[in-house]
Amino acid sequence: MPLSMLGEWCVHQSHVDVNGSAGFDRGMDTTRARAGTSMAIASMLCVQLGLAASVGLIDDLGAEGAAWLRLAWAGVLLLVVVRPRRRDYTRQTFAACVLLGLVTAGVTLLFMASLARLPLGTASALEFLGPLGVAVARGKGGTKVWPALAAFGVLMLTQPWSGTVDPVGVAYALAAAGCWAAYILLTQHVGDGVEGIKALAVTTTNRSFVDPSVPTMQEAGLPGYVVTTWYALWGIHGTPKEALDRMHQETLKAMQSDELKKVWEAQGATAGGESPGEFAKLIKTEIAKWAKVVKDAGAKVDN
């Protein structure tokens, strides 16, 4: 007879450290740093590929038209993926978002204008001085060496003293660099005050205490859609009833401890504590429900 604990799908992921292990914290920090670095590299690749694709549009649409096209599609994707809601913004954060939008438009418009006068590599190198400036200003000690070397490389690449580079194009690119620096700082500021992608719904019967604003699937228009993840302790067939009862009692005591409650809550889950008989009924219900899903979907096991 099984001993059970029911858990809900998590709305968000949280770092849970039961024993306060410093080694575990360091591991989490390393993982997040690697993930952040990977996302930064992917972001830079997307930006540069998008810019390369935009060069050919300047002749047909002009710098302003190419910039408008990029910004318009970015706005559409933002509405579809992030689905921002006005109630999530305070007056201050909304004003910061507006300023961020203006800076973003400035980056795009000014850079497109520079591309009309400069080669893509030169314009990109000059624009990159913006992020480099932020790195130098925010860096400490030896961390400033690499941005400084990169800035020197930009100067050697563009060679503004040679007189062969269009000064107006250079001015546009440097202005875009300033907007990019402001974009980075504003993005961090806005990110601290506004949440990003929102959950569509939770699959449990009731709303999650982690974020009560997220509706259930039933409230979202899918009646009867309930899916939960549960965890259980199982007794080997033939285990004496006295042993099962003792395990059940000790498990209930453990689940009521403040330490374990914090662990579950940090993961967006709740402790159950059903009796073996109640859990046996749940198992039968789950088997019947998922058997129907498998049958209706025509799912088969691959050999």
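The values are calculated or read from the model by the stated rules, or taken from the named source; none is laboratory data. All values derive from a computational prediction rather than experimental measurement. Glycine gets a Cβ as well: all are built from the backbone with ideal geometry, and neighbour counts include every protein chain shown. The protein model used for the area step is the full one, side chains on, heavy atoms only, and it has no ligands, DNA or RNA in it. Shrake-Rupley method; radii C 1.70, N 1.55, O 1.52, S 1.80 Å.
The table below gives the values:
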{"item": "Matching residues, the stretch 207-234, being surrounded by 13 or more Cβ atoms within 10 Å (Cβ to Cβ) and polar (S, T, N, Q)", "result": "Ser208, Thr216, Gln218, Thr228"}
{"item": "Pairs with Cβ under 7 Å, 6+ apart, first in the stretch 43-63 and within 15 Å of Leu118 (Cβ to Cβ) and polar (S, T, N, Q), second open to solvent by 50 Å² or more (accessible area, probe 1.4 Å) and part of a helix (DSSP H, G or I)", "result": "Ser54/Arg70"}
{"item": "Matching entry among Ala113, Ala123 (being out of contact with any His (no Cβ under 9 Å at 6 or more places or on another chain), part of a helix (DSSP H, G or I) and more than 19 Å from Ile184 (Cα to Cα))", "result": "Ala113"}
{"item": "Members of the stretch 38-55 found to be open to solvent by less than 80 Å² (accessible area, probe 1.4 Å) and farther than 15 Å from Ala123 by Cα, listed by number", "result": "Ser38, Ala40, Ala42, Ser43"}
{"item": "Any hit, the stretch 103-121, residues being open to solvent by less than 20 Å² (accessible area, probe 1.4 Å) and farther than 22 Å from Ala72 by Cα", "result": "yes"}
{"item": "Index of the failed condition, Trp68 passing every other in (1) open to solvent by 80 Å² or more (accessible area, probe 1.4 Å); (2) modelled with pLDDT under 50", "result": "(2)"}
{"item": "Residue list for the stretch 142-189, restricted to those being at pLDDT below 75, open to solvent by less than 70 Å² (accessible area, probe 1.4 Å) and among the polar types (S, T, N, Q)", "result": "Thr158, Ser162"}
